[in-house]
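Heads up, the thing below is written out as structure tokens.
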Amino acid sequence: MLKTGFKNIIPILIILIFNSFLAVLNAQKLPENKRINEGVPKSDTIALNKEQLEDVVQTKADNIRNDIPKKMTFLNKKAQVKYQDMQIDADYISIDWSKSLIYARGELDSLGKIKTPALATQGGKKYEYDEFTYNIKTRQAIAFNARTEESEGVIVAEKTKKYNDSVFFMRRGKYTTDEYFIQKKDTIADYYLLAPNIKLIKGKNKSQVITGPIQMYIEQVPTPLIMPFAILPFSDKRSAGILIPSFGEREDVGFFLNGLGYYQPIGEHFDLKILTDIYTKGSWNFKPEVNYRKLYRYSGNFSADIGNTVRGIKGLSDYSKSASYRIAWRHQQDSKANPFLTFSASVDMVSNQFYSNTVNNNYAFNQNNLNAQQNSSISVTKRFLTLPVTITGSASYSQNFSTGLSDLKLPIMNVAINQFYLFKPKTGIRQGLLENITVNTGLNLNNYVQTPIDELFTKAMFDKMQTGLKNNISLGTNTTLAKYFTFSLSANIDNALTTKTLTRFYDPVNNKLEDVLNKKIAGYSTFSTSASLQTVLYGMLNFKKGSAIQAVRHMMTPQIGFSYAPDFSAASFGYYKNYYNERGEMTMYSIFDRGIIGSPSSQLVQAMTFGISNNLEMKVKSKKDSTGVKKLKLFESLNFNTNYNFAAPSHKWAMFQFSGQTTLFEKLNLNTSLTLEPYQIVFEPGSETGIRTENFGHFSVQGFNAQISYPLSEAIFTGKEKVDLSKKYPKKGEIRNENYYFDDDNYARFQQPWTLNINAQYGYTKSLSKFGNQVASVGLDATLKLTPYWNLNGNLYYDVVTKQIANTRIGFARDQRSFTINFNWIPYGQYKVYDFFIGIKANILQDALKYKDRSFNQPNAPF
């Protein structure tokens, strides 16, 4: 910047001083009748002794004059001085030997204003100024309207004072990264940061600007973005800096500054970011974050979100004050670090009311405030080069904000053996049922407890904790029968142990059911088997030649099977016991109920299974396709499943399940499912709960779900993702980045990509209740590039059942060439909030006046 410019000028000025002294001494030796200004050439080169200078000083001007009585040297019109790699170009240069001052000035216009600045060049870098004064003795300098380019930006100061080669002070300095202003395509910057006082510190590897109060101006209009100080580090490396906040208003907590903070790198592998949210009604939020990274090894961060939410007016009934917190840790191992040992972590500890009572607006904009549960996990996986074994150790933690209970699994260990063939042939070609038998097995150790958050890691929690060990062995095989049928066999064996068993009884005194967990090691073994036979059937319906519909193809995959599982509720197994309920009826329960390993099946299963999968496609004429024919999928899948249990004492038929998925008109996605009850359900007078009878054939809907989504975009109507405007409209505009093209009527033409996703969902569940429950909603998600520099986006969701608008957000982004303006607004719901943010795009200010911290995400991060 300026420092480099002044530093480069100093040797030249000293050379000019020596040159002038030599001229004065030589002039005094001339004959009296010899005039000093006669015969002075317009270009001169003076070679000095090596004791004085290390190189030749070259001076050039249209007019060079020495005034001996006044001890002055003047260079006029196209004045130039060269020394080594330094060059000074100015319209006027003067040297005052008596005062040890050197003065340079740019070219003046007819009104006496600078029209062409003076220029100093060294090492290919240029420095401009209107006027410049340098004191040879003190080595101090003063420049007016100096313009200095540094990194991605430029500083223009009304007055600059150089104290030494490293320190410069500036008065009323403007800093901008506007590319057009830097390239002099525009005389006015689209934005700049104005500071009354600036200190520029020049170093070998980097420079730094420190300011007092600083204010942002947009199109020369002052904005309310004022900071008490700023630090602008001109370096490619991570640098400390202030984080610029967004501002806005939220109905419940008032006006705010969101994300005000400071960023500080710590060594090569760490950085610290501290953010605060401040609200006018007294709410606040404190958000520290530490990031770490080691190249090709690992990366992660620790973060916290601690806040205090104040609503209403103190002293009134609507006043409330509550605290919330969130502590998180993320760790990810690089895949190149160790393929045989990996570690990852995603840990979140939050207060129960954190998301529903947060003052962090980002959670509202991202719809995290709808979270009903928070999950955390830590995992380490060990693989072996020569053993077909994978060992995974993990821990997980889950918070349910509705119940206030926490599920903790610590530790969990899973040993998985890679799938292998039990009778693998030596030739490598498998044939028949035996050679195709595959074995999958593994061992799982789990420790689990469900407890209130205030009991975590207390004696009460450890008393409730259950430990379970489970081994599963799965065998399967298949072969082809009669060319067209696939026959499959499978068997499943489970072996389980646990440290807790259940005793259940009815307490007539307190009229409630009691469950007591006993500290007792117990276990069970179960097995089941199944067989199935399936084939694929094709059907084709061809239409007359010339018809718009060429053909319809139907592919059907029927499957029939049989499954068997013993009844493990028999007294001989000892897995089930009985108790008398409140009506005195003997009721069966499993001693493994509410346990970590689950309960064995309590019913004999001898069931015939039925299933049909369908795919329906149609061929139609198409002029767009090169073949003249296009395929349309009527139903990508249409499935039906049920089973009939011969061993069931009643209700032998299971529910009839239907599901389907298709894409209509190549864009309309439809997913649906239907559950039918095959038995009649009757309701006694005044009862809201039905009774399932044995009357088969009275089908009733027990569940239905349908999801529809239709994505739209301009490409659907134009038939192309992107149109080349330069070929369609040859006239090109000169507006900003020249993205405009003009038609014959001089109307601007530009790309206007947009997307509109229409979503609709309907769900119905009934079971044995008299009246079912319904959920229905319609939603829109949209983006629109209104102009090359305006982007609109938002979403709108409407609950058809409650007839309320929910999850609505409207936003826009404006590209101002050098910076962006973002606005987000939630007009409905609990969080009625708008947020306004200005962010400078230049990388150099993403670290200084940060609107997006660079952290370890940039390629220049030193690792």
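Candidates are the residues of segment 763-801 that are more than 30 Å from Phe699 (Cβ to Cβ) and not in a strand (DSSP E or B); the one that is modelled with the highest pLDDT is Tyr789.
Being without any contact (Cβ under 8 Å) to a residue 40 or more places away in the chain, over 30 Å from Tyr175 (Cβ atoms) and in contact with a Ser or Thr (Cβ under 6 Å, 6 or more places away or on another chain) is a condition met by no residue of segment 230-253. In segment 435-510, counting only strands (runs of 3 or more DSSP E) that sit wholly within it, the ones holding 2 or more residues that are among the basic types (Lys, Arg) span 485-507. Taken together, Asp781, Asp835 contain a single residue that is in contact with a Gly (Cβ under 9 Å, 6 or more places away or on another chain), closer than 18 Å to Glu249 by Cα and in contact (Cβ under 8 Å) with a residue 24 or more places away in the chain, which is Asp835.
Restricting Ser379, Ser344, Ser396, Ser324 to those that are surrounded by 15 or more Cβ atoms within 10 Å (Cβ to Cβ) and in contact with a Lys or Arg (Cβ under 6 Å, 6 or more places away or on another chain) reduces the list to Ser396. Cβ-Cβ distances below 8 Å connect no pair with a first residue in segment 744-770 that is outside the structural domain of Phe699 (by TED's automatic domain parsing), a second residue that is part of a loop (DSSP other than H, G, I, E, B) and surrounded by 13 or more Cβ atoms within 10 Å (Cβ to Cβ), and a separation of six or more residues or different chains. Screening Ala748 with (1) at pLDDT 80 or above; (2) aliphatic (A, V, I, L, M); (3) out of contact with any Lys or Arg (no Cβ under 9 Å at 6 or more places or on another chain) gives one miss only, at (1).
From the list Glu179, Glu149, Glu219, which residue is closer than 20 Å to Ala104 by Cα and either surrounded by fewer than 22 Cβ atoms within 10 Å (Cβ to Cβ) or not assigned by TED's automatic domain parsing to the domain that holds Lys115 (or both)?
Every option except Glu149 fails the conditions.
Applying the set (1) free of Cβ contacts under 8 Å to residues at least 60 places away in the same chain; (2) under 21 Å from Lys500 (Cβ atoms); (3) within 37 Å of the chain's Cα centre (by Cα) to Ala416 leaves exactly one unmet item: (2). Filtered by the rule that a residue be in a loop (DSSP other than H, G, I, E, B), among the hydroxyl-bearing types (Ser, Thr, Tyr) and farther than 30 Å from Lys545 by Cβ, segment 597-651 gives Ser599, Ser601, Ser602, Ser650. I'm trying to understand the selection: among the residues of segment 205-216, which are modelled with pLDDT of 85 or more and either loosely packed, with under 11 Cβ neighbours inside 10 Å or of a type outside the set (A, V, I, L, M) (or both)? Hits for segment 205-216 are Thr211, Gly212, Pro213, Gln215.
Given the criteria modelled with pLDDT of 70 or more, surrounded by 17 or more Cβ atoms within 10 Å (Cβ to Cβ) and among the basic types (Lys, Arg), does Lys60 qualify? Walk me through it before giving the result.
Values: modelled with pLDDT of 70 or more: yes; surrounded by 17 or more Cβ atoms within 10 Å (Cβ to Cβ): yes; among the basic types (Lys, Arg): yes.
For Lys60, the condition - modelled with pLDDT of 70 or more, surrounded by 17 or more Cβ atoms within 10 Å (Cβ to Cβ) and among the basic types (Lys, Arg) - is met.
Scanning segment 532-563 for residues that are in a strand (DSSP E or B), of a type in the set (S, T, N, Q) and in contact (Cβ under 8 Å) with a residue 12 or more places away in the chain returns Ser532, Gln534, Gln550, Thr557, Gln559, Ser563.
Being closer than 30 Å to Gly476 by Cα and either modelled with pLDDT of 95 or more or surrounded by 14 or more Cβ atoms within 10 Å (Cβ to Cβ) (or both) is the filter here; which residues of segment 399-425 pass it? The answer is Ile412, Met413, Asn414, Val415, Ala416, Ile417, Tyr421.
Would you pick out the residues in segment 282-297 that are within 19 Å of the chain's Cα centre (by Cα) and of a type in the set (Ser, Thr, Tyr)?
To start, the set of residues in segment 282-297 that are within 19 Å of the chain's Cα centre (by Cα) comprises 287-293.
Answer for segment 282-297, where residues must be within 19 Å of the chain's Cα centre (by Cα) and of a type in the set (Ser, Thr, Tyr): just Tyr292.
Contact map, segment 111-140: first residue assigned by TED's automatic domain parsing to the domain that holds Val81 and of a type outside the set (S, T, N, Q), second residue modelled with pLDDT under 75 and part of a loop (DSSP other than H, G, I, E, B), Cβ cut-off under 6 Å, separation 6 or more or different chains; pairs are Gly123/Asp85; Ile136/Ser100; Lys137/Ser100. Inside segment 662-685, can you point out the residues that are among the acidic types (Asp, Glu) and either in a strand (DSSP E or B) or in contact with a His (Cβ under 9 Å, 6 or more places away or on another chain) (or both)? Within segment 662-685, Glu677 is the sole residue that qualifies.
Just so you know, in segment 753-788 the residues that are over 26 Å from Met655 (Cα atoms) and among the hydroxyl-bearing types (Ser, Thr, Tyr) include one that is nearest to the chain's Cα centre (by Cα), and it is Thr783. Between Ser532, Ser528, the distinction of being surrounded by 15 or more Cβ atoms within 10 Å (Cβ to Cβ) and either farther than 30 Å from Tyr579 by Cβ or modelled with pLDDT under 95 (or both) belongs to Ser532 only. For segment 639-687, what are the residues that are of a type in the set (D, E, K, R) and surrounded by fewer than 15 Cβ atoms within 10 Å (Cβ to Cβ)? Passing the criteria: Glu666, Lys667, Glu684.
Matching residues to (1) of a type in the set (S, T, N, Q); (2) under 24 Å from Asn447 (Cα atoms):
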residue	(1), (2)
Ile313	no, no
Ala345	no, yes
Asn361	yes, no
Thr392	yes, yes
Lys409	no, yes
Val415	no, yes
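Looking at Asn375, Asn352, Asn371, can you tell me which residue is modelled with pLDDT under 80, closer than 30 Å to Trp825 by Cα and not charged (D, E, K, R)?
The unique qualifying residue is Asn371.
Residue count for segment 789-830 satisfying the condition of being surrounded by fewer than 17 Cβ atoms within 10 Å (Cβ to Cβ), farther than 20 Å from Glu219 by Cβ, under 22 Å from the mean Cα position of the chain (by Cα) and aromatic (Phe, Trp, Tyr): 0.
Among the candidates Lys184, Lys281, the residue that is out of contact with any Ser or Thr (no Cβ under 9 Å at 6 or more places or on another chain), under 22 Å from Asn360 (Cα atoms) and part of a loop (DSSP other than H, G, I, E, B) is uniquely Lys281.
What strands (runs of 3 or more DSSP E), lying completely within segment 298-392, carry at least 3 residues that are over 26 Å from Ser406 (Cα atoms) and free of Cβ contacts under 8 Å to residues at least 60 places away in the same chain?
On the way: elements: 298-311, 320-333, 341-350, 373-383.
Qualifying strands (runs of 3 or more DSSP E): 298-311.
Against the criterion of being closer than 21 Å to Asp130 by Cα and of a type in the set (D, E, K, R), Lys184 qualifies.
The values are calculated or read from the model by the stated rules, or taken from the named source; none is laboratory data. The structure displayed is predicted, hence computed values, not measured ones. Heads up, the Cβs are rebuilt from the backbone with ideal geometry, glycines too, and the neighbour counts pull from every protein chain shown.
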